[in-house]
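The next block holds one structure in the form of structure tokens; read it before the comments.
The values are calculated or read from the model by the stated rules, or taken from the named source; none is laboratory data. Here the structure is a predicted model, which means the values were calculated and not measured. Cβ atoms come from the backbone with ideal geometry, glycine included; neighbour counts cover every protein chain shown.
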Amino acid sequence: MWWLKNIQVIDPSQKLSSPQDVLVQGGQVLEISTSMTEEEVLAEAQGEPVETINGTGKFLFPGLIDVHTHLREPGQEDKEDILSGSRAAVRGGFTAIMAMANTLPVIDNRALVEFVRRQGERAGYAQVYPIGTVTKGMQGLELVEMADMKEGGVAAFSDDGKNIQNAEMMRLALEYAKLTGLPIISHCEDKELAGEGLMRRGVASTRMGLRGIPAIAESVIVARDLLLAEETGGKLHLAHISTTESVELIRRAKAKGVDVTAEVNPHHLIFCDQDITITDTVLKVNPPLGSAADREALIEGLRDGTIDMIATDHAPHTQAEKARPFAEAPFGIASLETALSAVWQHLVLPGRLSFERVIEAWSYTPAKRFNLRGGSLKPGTSADMVLFDPDFAEMIEPATLVSKARNTPFLGKTLQGLPVMVWVEGRLVQRDRTVL
């Protein structure tokens with residue numbers, strides 16, 4: 001049994017943000033109370049050993065759920081695999097992750113869905129929920145067997161990395177996915193408008209002489225998919241929103257009752273195109289970092305609920321790949337281990353976002369939208385939870401990372417405010433930044 005005393009509990013599912021005592025037993029949250037006596041705790045324990053944690057000055061909240069993670073297995077295990085990725089997840093405060101389908105081969109059939117799910121179970125750290133492709137081979141030509149893949153355990157469908165360019169195919173996907181009750185996750189990018197761009201088109205791209213991707217390459221597909229979701233009544237989730245125009249389109253669609261949710265990545269909330277240098281590819285991401293005005297629109301959209309969730313888009317690459325010249329390096333940041341601390345340091349501490357809103361967007365809302373376990377500390381629920389120490393600081397160094405990837409913009413920097421204990425089903429999997 002665990003007894004966490006005098007701890008600031010944040011649980012949006014109960015509208016709770018106050019000092020509490022928490023008891024955990026048998027893999028579940030047993031009780032939350034403003035005060036507990038030792039006699040009461042021992043009576044509940046019935047002879048079971050009790051580990052007591054003084055939570056003064058610390059936070060406890062439901063484990064984070066990342067709905068956009070690239071684990072690279074099968075096929076690209078030199079970049080990451082399900083074991084290393086799920087270990088990185090719990091080190092970063094994530095008790096559940098949704099694994100994107102653009103592996104080698106892509107996850108377009110039930111057998112591969114079950115492989116990813118079972119690999120996650122074997123790893124035994126964060127829960128791993130497979131995402132299946134929308135179309136066979138991610139070719140945009142033929143829908144997958146959605147019902148069969150749902151029985152195999154998919155949490156959603158996405159051709160992430162390859163937007164479905166054909167509007168009729170996207171309409172059919174939204175229509176057929178209704179039979180499963182699962183969302184279609186859209187990677188919003190018009191291939192012709194994006195071309196061979198390397199970063200967001202603007203003053204910064206012009207100054208560096210790099211081919212630019214216009215903001216409208218994203219927002220034109222956002223507009224299309226919102227209209228298709230309205231037409232079909234299907235469930236739509238928009239991945240990694242990055243432009244002012246996209247936020248405005250989503251806000252209007254929600255006002256009309258369209259069944260849509262959207263996510264934003266931490267790097268789009270923290271950085272902008274002015275932070276990119278041609279000699280460092282770590283901030284080369286897709287969608288590209290937008291302008292400072294885009295960043296402000298994203299923060300406001302997250303604050304007012306237009307954007308529902310935060311998602312890392314953890315995209316691990318080898319050091320050799322990221323060391324290539326800017327035009328040749330792959331897009332992506334590895335962020336599972338640093339994302340929460342980065343958001344705390346750059347957005348919560350300066351007062352841009354409340355910590356309650358961050359936890360809601362990174363735990364409760366993802367669980368509700370994708371029908372996943374977690375997102376709540378209500379008594380009787382699974383004890384998937386995080387102890388967060390706002391004063392704990394750590395230098396981000398290659399030797400301390402458990403992910404195979406090192407392509408993080410925080411390498412060599414000190415981050416303060418980190419998860420120091422993480423439980424999955426009441427089982428301690430991370431303590432003092434060490435994965436157990």
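Rundown of residues vs (1) more than 12 Å from F61 (Cβ to Cβ); (2) buried (at least 18 other Cβ atoms within 10 Å of the Cβ), yes/no style:
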position: E337; (1), (2): yes, yes
position: F355; (1), (2): no, yes
position: S376; (1), (2): no, yes
position: D384; (1), (2): no, yes
position: I396; (1), (2): yes, yes
position: N407; (1), (2): yes, yes
position: V424; (1), (2): yes, yes
position: R431; (1), (2): yes, no
position: T434; (1), (2): yes, no
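Within the stretch 365-380, the set of residues being in a helix (DSSP H, G or I) and either out of contact with any Asp or Glu (no Cβ under 8 Å at 6 or more places or on another chain) or at pLDDT below 95 (or both) comprises A367, K368, F370. The selection criterion, being in contact with a helix residue (DSSP H, G or I) (Cβ under 7 Å, 6 or more places away or on another chain), part of a loop (DSSP other than H, G, I, E, B) and among the acidic types (D, E), holds for E73. Taken over the stretch 169-199, the criterion of being β-branched (V, I, T) and touching a helix residue (DSSP H, G or I) at 6+ places or on another chain (Cβ under 6 Å) is satisfied by T180, I184.
Conditions (1) in a helix (DSSP H, G or I); (2) touching a helix residue (DSSP H, G or I) at 6+ places or on another chain (Cβ under 9 Å), marked per residue:
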site: K284; (1), (2): no, yes
site: G290; (1), (2): no, yes
site: D294; (1), (2): yes, yes
site: A297; (1), (2): yes, yes
site: G301; (1), (2): yes, yes
site: I307; (1), (2): no, yes
site: P316; (1), (2): no, yes
site: A320; (1), (2): yes, no
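Would it be correct to say that G140 is farther than 17 Å from H70 by Cα, in the same structural domain as V220 (by TED's automatic domain parsing) and assigned to a loop (DSSP other than H, G, I, E, B)? So G140 passes the test.
Comparison of M169, M199 shows that the only residue that is closer than 17 Å to F331 by Cα and of a type outside the set (S, T, Y) is M199.
Against the conditions (1) assigned to a helix (DSSP H, G or I); (2) within 20 Å of I65 (Cβ to Cβ); (3) not hydrophobic (A, V, I, L, M, F, W, C), D160 satisfies every one except (1).
Conditions tested, residue by residue: (1) surrounded by fewer than 18 Cβ atoms within 10 Å (Cβ to Cβ); (2) within 17 Å of the chain's Cα centre (by Cα); (3) closer than 26 Å to M385 by Cα; (4) in the same structural domain as D190 (by TED's automatic domain parsing).
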residue: N102; (1), (2), (3), (4): no, yes, no, yes
residue: V128; (1), (2), (3), (4): no, yes, yes, yes
residue: K136; (1), (2), (3), (4): yes, no, no, yes
residue: D159; (1), (2), (3), (4): no, yes, no, yes
residue: I164; (1), (2), (3), (4): no, no, no, yes
